[in-house]
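Read the structure below first, then the notes.
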Amino acid sequence: MITLWILSIASIQITPDTATVGDPLSAVIKGEITDSLAIIMPDSFPDIVLLDSLVREGDSLARVRFSSFSIGAQLFQIRVREDTLKGAYFIKSVLTPENKGLSPIWGPYGFFNWHYLLWLLIIPFASFVGYLIKKRGKEEIFKEEPEKEPGKEALGNLAILEGKIDDWSWNKIYTALSYIARRYIERKEGIPAVEATTSELLRMLKREDTKGFKPLIQRFSRWDLIKFADKESSMEEFEGDLTTTRSVIENMKKEENDTLS
C-alpha cells in the first residue's frame, strides 16, 4: 500500500525556482505518469511559452521546458486525471527599479512588444533625418527646374556652386557637385542616378551603353571619399572636376544638336 502511494503522482519541481523574464525553466514531474497527464496553460497568453513538448522519461518521470513572462510569484500547473499538481517559481523583471513601467516585457512568441513599436518609429524618423541632411547638402540655392532642359539646369547650378568655393568645406562642395552631376544624368537618361550608389550607377549606365558620361563617372569614386570619408581636396582638383562636368554636359548637348541637324 505504501509502495503504491509513493509511486502515485506525488510532486512537481520547477528548476530553477527563480529566473528572469524569458529564461528557460524545467518542470520535472515525479511519480506515476499516466496518459491523462496534461499541462494547464494560463488564459493570458503568452504568460507561459512551452519550449519543448512534455517528455516522458519512464513510468515515474516526465519533464517539460518552458519560459515565463509574467513577473512575480507564478504557478506551473499539471492536470492528472481529476487532480491538479502545482509547482511554484518566481520571475524577476529585466527592468531595474528605476525604469520599471517603461514597457511590458513579452517573449519572442508574444503578440506584441513595445520595442517593436519603438523601432517602427525610429526607422522612418532616421530616414527623414537622412533626407533632410541630404537636402541640406545641396542647399536650397540650387534650382530644380523640371521644365528647363537638363544641361541648362546643371550648368546654372555649377555656376552657383563655383561661387561657394570660399565659404563651404570640401565635403559640402563635393556633396553638391555629386548631386548636380547625378541629377543631370537622371534627367538625361531617365534612371535613378541620385539615389543609386556609384557601383549601381555604373551598372545602369553600362546597360544603357552610354559612354558620354564616362569621364564624369570615373571621378565619382574620389568624390565619394570626400563626401563620406572627409578626404581633403584642392582648388586645382576642384577646378578639374568642374571643367570635366561642364565638358561632359556641353559635349552631350553638342551631340544632341548634331543628331537633330
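A short reminder: the numbers here are calculations on the coordinates, not readings from a lab. Being a predicted model, the structure only gives us computed values, none of them experimental. We place every Cβ from the backbone using ideal geometry, glycine too, and count neighbours over all the protein chains shown.
Quick check on packing: order 164-170, 70-76 by the mean number of other C-beta atoms within 10 Å, highest mean leading. Numbers along the way, then the final one.
Numbers: 164-170: 11.7, 70-76: 15.4.
The peptides rank, most packed first, as 70-76, 164-170.
Multiplying the sequence separation of L120 and M41 by 0.36 nm and subtracting their Cα-Cα distance, what value in nm do you get?
25.3 nm
Just report the Cα centroid separation between segment 212-261 and segment 39-69, whole Å.
67
Taking 0.36 nm per residue of separation and subtracting the Cα-Cα distance, what length does fully extending A159 through E256 add?
32.7 nm
Output the pairs from K188/K254; K172/K254; K152/K188; K164/K206 with a Cα-Cα distance over 23 Å in this structure; if there are none, say none. Provide the component values of the computation, followed by the final result.
Numbers: K188/K254 14 Å; K172/K254 30 Å; K152/K188 11 Å; K164/K206 33 Å.
Long pairs (Cα-Cα over 23 Å): K172/K254; K164/K206.
Kindly give Rg over Rh for segment 128-260, based on alpha-carbon atoms, with the Kirkwood expression for the hydrodynamic radius.
So for segment 128-260, dividing Rg by the Kirkwood Rh gives 0.94.
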